[in-house]
Amino acid sequence: MRTAVLGTGTVGRAWAARLAELGHEVVVGTRDPSTTLERDAGAWDGFALVPFAEAVVGADLVVNALNGRAALDVLPALADALDGVVVADISNPLDFSGGFPPTLFVKDTDSLGEQLQRALPRARLVKTLNTVTASLQVHPPAEGTVFVAGDDADARALMTRVLTEVGHSDVVDLGDLAGARGVEMYLPLWLRLWQVLGTAEFTIKVVRPPS
Ligand SMILES: NC(=O)c1ccc[n+]([C@@H]2O[C@H](COP(=O)([O-])OP(=O)(O)OC[C@H]3O[C@@H](n4cnc5c(N)ncnc54)[C@H](OP(=O)(O)O)[C@@H]3O)[C@@H](O)[C@H]2O)c1
């Protein structure tokens, strides 16, 4: 599969490395390739690092690993290029303007995933993995539940196949993109768990009673 990873933070790095490891073609999008190469000396050896608009050309799967507010600024300009493309949206609507812990800049009756879908009306956006720290997104523990939500059932199915290939054993399909609201509103609990557990390496497990 030809994949594009947008963003070169912790999540972008983790996904670029894992998709390449699994044999997918990976192009990485960043604001300014020369600044990123200088900042992350050696980290992008072997990867094509190009501006966002160039990265998404011809992609079958685009991973949105951008800061949440930045995604709202960056992605609308890519709307034509993302016509029909599956966009895995991992971003969170975190607002750090009031300090720590951050608040959510959209919630309850809307979500960042839905805002991005409205900005990309012909893309097939799937909200996924925002509930898990980057290392566990790409190397999941044996037990643990992740979610997909999106308006296009085929896109959710493709994303579920990718998650299974990566090693996720329990992927719950939440249905349409309104399902993004719940996984994004999990973030306050995620942040509190991070504080009290002293680690980001934990995950949700949905337990079903035996039938
Ligand atoms: N870190 C985690 O473990 C984790 C887990 C779950 C979900 N998430 C979510 O996944 C997303 C990525 O997280 P992250 O920790 O990897 O990185 P991040 O620090 O949130 O930023 C990711 C990338 O966003 C781009 N960016 C930031 N400000 C920008 C701006 N003003 N204009 C354009 N682009 C801008 C940058 O891309 P370039 O530097 O390449 O230009 C940056 O590398 C976030 O939405 C986060 O909430 C993170």
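Each reported figure results from applying straightforward, stated rules to the coordinates on display, with no laboratory input. These figures come from a predicted structure and were not determined experimentally. All Cβ positions, glycine included, derive from the backbone under ideal geometry; neighbour counts span all protein chains shown.
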If I filter the stretch 54-62 for residues that are in contact with a helix residue (DSSP H, G or I) (Cβ under 7 Å, 6 or more places away or on another chain) and free of Cβ contacts under 8 Å to residues at least 24 places away in the same chain, do I get at least one hit? no
Give all pairs with beta carbons closer than 6 Å in which a residue from the stretch 142-165 that is in contact (Cβ under 8 Å) with a residue 12 or more places away in the chain meets a residue that is among the polar types (S, T, N, Q); count only pairs at least 6 apart in sequence or on separate chains. Gly144/Thr203; Val148/Thr128; Val148/Thr160; Met159/Thr128
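Scan the stretch 1-17 residue by residue and report those that are buried (at least 19 other Cβ atoms within 10 Å of the Cβ) and away from the ligand (no atom under 13 Å from the Cβ).
The one that is buried (at least 19 other Cβ atoms within 10 Å of the Cβ) and away from the ligand (no atom under 13 Å from the Cβ): Thr3.
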Looking across the stretch 31-53 at residues that are over 15 Å from Trp15 (Cβ atoms) and in contact with a Pro (Cβ under 9 Å, 6 or more places away or on another chain), the single one that is farthest from the ligand (Cβ to nearest atom) is Val50
